[in-house]
Every structure is written in C-alpha cells, then in structure tokens.
Amino acid sequence: MEILSSSSSKLNGYEYAGKGATIFMVAACITAASGAIIFGYDLGISGGVTSMDDFLLKFFPRVYEQKNSAKTDNYCKFDSQVLTAFTSSLYLAALVTNLLASVVTSRYGRRACILTGGICFMVGSVLNGAAQDLAMLLLGRIVLGLGLGFTTQTVPLYLSEMAPPGLRGGLNSMAQIALCIGVVSAYLINYGTARIKPWGWRISLGSSIFPSIFITLGAVFLPDTPSSLIERGKCEHALLVLQKMRGTLDVQAEYNDLLEASRVVKAVGNHPWSHILKPKYRPVLVMAFGIPWFQQFTGINIVTFYAPVLFQTLGLGSNASLYSSVILGGAGLLAAILAAVLVDKAGRRSLLFHGSLQMFITLVIIAVVLYMDLGAHNMVSRNMAILLVVTVCVYVAAFGWSWGPVGTLVPSEVFPLEVRAAGQSINIGVVLFFIFAGAQLFLAMLCHLKAGLFLFMACWVFLSALFVYFLLPETKGQKRERSSDPDTKGKKKMQVELEKPFMVQRETSVLQGLTSELLARHDTLIFWAVVNNPNGERMAVIKQPESFQQLLSS
C-alpha cells in the first residue's frame, strides 16, 4: 500500500505559547489532587484500625479471639471475610459510582464531580467516626466509596487537561504524591491513636473529615478545565481559563486544538460507550484494561491496606508494626516525589519497566525469607524481620516511582477526547474492582498460600514488565487534545510516537469510505497498514523497508 501524502510533526511533542507552570494552574492542580489525599488516607487507615484491639472487640470480637489464640496459624490470625468486608465495601461502592461519575463529568464538568465527591467524603467520615454498630460502620464506608468513585474518575482527567504537554507528567504526579501523603498521615494518626483507649479508632476514622472539607471548599472555587467547558458550549469562558492557566493571551493555537477536538466529539455524538468498542479504538481499549490490571496485580494496595497486620504476622509487636508502617509510607512518598521529577524526562515506559523489575526482585526475596523463616507458630528472627521491613520498603518505593503515578497518568493520556469519559471510566472501574477483590481476598490468600502469595504477585509483576516492553506506547510530551476524526472522506489526523514499540499515525489520504491505521514496530522494521472498508472487511498490507526513513519519504 502506498502512502500518498504526509505531514511533519515535532518529534519531541507539541509546544504551545505560555509561561509553563503558572501559579494559578499549580494552585488549581494542587486543590484537585488533594482528593487523592482522602484515597490514600482510606488506604492507610484500614490496616491500622483493624489491628487495634479496641476496634476488634467492638465490631469483630471473633477476630480478636482468633488473633490472640496460641493455636492460630501465624498466617491466619486475621482471616475473616467480615473483617475484610470493612475494608473492601468502600471500593465496591466506588466501583458502582464510577459508572455514574462518567456521566456527571461529561454533562456537568470535572469540577462538579470533584465537589460531589468531597460532600460524600464528609458524610462518610462523620458516619465512621460516630459508628455504634457494624451496620453504621459499613454504611459510612459505603458513603466514602461514593465519594471515591467520583474523585478517582475525575482527578486524573482534571490534572491532565489543565497541564501543558511538557509538564503533564509532573503535575499529574501530584495525585500520587497526595495519595502518599494521605497514606503517611493515616499511619502516623494510627500510631498515635493506638495509645488512646478505648476510642482512639474513632479519631482515626473520623479524621478524614479534614481533607474532605478542604477538597469540598476548594472545589467551590476551582475553575473547570477548558476541555470540559468547550464540550458544554462555554467557549468564551474556556478561553479565559486557558489564558489564565498559561499566563498569556497568546493561546490561540492550543484553543484551536481544543475546539477541533470538541467538534469531533459532537460529530461522534454523546454515546462514547458505543464508540469505544469500534475497531479503531481497540489499541487504547487494551491499554484501558491492561495498565490498571497490572498496576493492581503488583499487590501494592493490599500491602498498603494491611501493612500493620502484615508486620504483626511477621512477629512484630503492635507498636513496632505501626511505626514500621510509617517508614513504609515515607518510602512511598519520597518515591512519588522522585517520579514527579523523572516522568517528563525519562519517559513513561522506562519508569514502568524498571519499576517492574525492582518489584519482582523484592517480592521474590520476601517470599524466600518467609518460606525459610516463618512457620505456622514460630516468629521470624529479629534480623530477618528487619530485612523484611527494608525489602517491603524498597518494593513500595519501586511502585511509588513507577506504576503508582505513571500507571495513573498513561491511561488519561491515551484516550481521544470523544471516548475519554468512557475510557477513563473503564480504567478506573478495573482499578476499583481489583482493589475491592484484593482487599476482600488478601487475608484469606495469605492464610492458604502463605509465602507463596508473594511469588504469585511476583509472577504478575514479571508479566507487567513484558507488557510494557512489547505493547505499551510512549506518551511523553504528546499533545493532550487529540482525537480520531470519524470523517473518513478526507485526511485522518493521528498521533505521533517515536519510541519502541510505537504507532506512526500521519496525514494519510485514503479513498472515500475507508479508514487507515499505520502501525510500526521499530525493532523489526516491519510496517503494516490495516484497512477497513464499509463492509467491515479487513486487509493487511505488509511492507518491510530498508530503513525507517524510506517509509516516511514514500
């Protein structure tokens, strides 16, 4: 197949006029990212609270007896489906709400979605802190889950749409930094409230109201994103917000791109769910499932949930397990800050791949040490316990500078605007489903698989490295507001990526009624074009040029 025409693009991304990170833009992004503080707080608070005797006596007396029984296997001390329901119910509610959030964010804007989430967080915090029985406790967790469903859907979109291409990775990493701050805060509060008898757990659960108030009040004053405003017909307001974000009046080029992307959305219609299943969106649909799948199968969230419980399983005392968790959270926070510095320099693929390798090695070490040193009724030696705490910290740090921030960033970058709400909803839905499943099943799997559980996670981490190396495209520096134009009568504008493996998508003249996608594998120098005609037939035309430049000049 001959490529009849081509147009050049900047290989290092797209540049618009502006001052870069203006104070207005950074302030808006910090406010939006603070929604992730509550997510991190809920991740960190659960394990600490469920390791407190006063909390267990009030809501889970059988688990308290099981934990303190000398006959109980070390790996099974906290094995209770009712106890894990306390943690997982939040994420089941968030999973259901996530579907509704995609509609709210499309029709009413990103800001409205963040505000709704903040209100739910406040109500849930009050219910949890004042809980008198298990039903009230679970109701509070479910309401918190409603808020989480709204904010996890919207915050990554908000940060990506506000940031210019060259700073998008760093600004988007604010969410991961905020999440880590929430985790560390939860660990510190748990460490302090564990000494307050018998109601310290109420402070732990109720303290999430403070970040909830911040995000709710902040959302009242947040500007909506230019993309969202244009989608809803508020073009003049969008132009003003864009000028304020960029710190210049010269934003016409970026504004035109936003208008063009919005035109494509209107041409597609208001049914992103039906369009995202079309063949031309299958590559990004694979990313929507694959990235969150592997992100969650690293096992990071279940380790974060149950860090104090896990350290008690290793034989550390209650206080030692709590301050070890604080160290763990600190390692994750420092790694997230490092990721914010590196992500726009090193690229997404490099961080993900090397992070997977580091996590694989640490998980294998943990599994081997546990298998050799921790039996059903004997505790690990002090030196081995210290080694395990250090290794878990290295594991958490590896996630913190790779799959944590980058695994959230890339899905928000790859979706064309016309299917972005549906794509982000799928991505977050997969994340929340596996968080729910992991929270519900982890303690039972630890009881039955014992040290083998960490080898199970290591296998998935190894597969994630292969996924990144062979399938994941590089999205560093790309223009955010691109779209796949459904009008196949003219030229089709596509994305440019120049790192292996990558897609080369160019201005391509095609016959009426045809669409063309040009995919390239730089490592093998095999190029092929997949053509769909109106009857749904597919033809593959293979080409193996002598060099990459030969194809571009053909």
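The numbers here are math on the coordinates, done by the rules we state, and not lab data. Worth saying up front: this structure is predicted, and the values here are computed from it rather than measured. Every residue, glycine as well, gets a Cβ built from its backbone with ideal geometry; the counts of neighbours run over all protein chains shown.
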Ordering of 95-107, 230-242, 387-399 by burial proxy (mean other Cβ atoms within 10 Å per residue, highest first): 387-399, 95-107, 230-242
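Highest mean first, what order results for 453-461, 171-179, 325-333 on Cβ atoms within 10 Å? Display every interim value, and only then the final one.
Details: 453-461: 19.9, 171-179: 27.1, 325-333: 23.7.
The densest-packed peptide leads the list: 171-179, 325-333, 453-461.
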Burial order of peptide ranges 128-136, 43-51 (average beta-carbon count within 10 Å, highest first): 43-51, 128-136
Of K234/K280; K234/K278; K77/K450; K244/K476; K58/K197, those spanning more than 21 Å from alpha-carbon to alpha-carbon: K234/K280; K234/K278; K244/K476
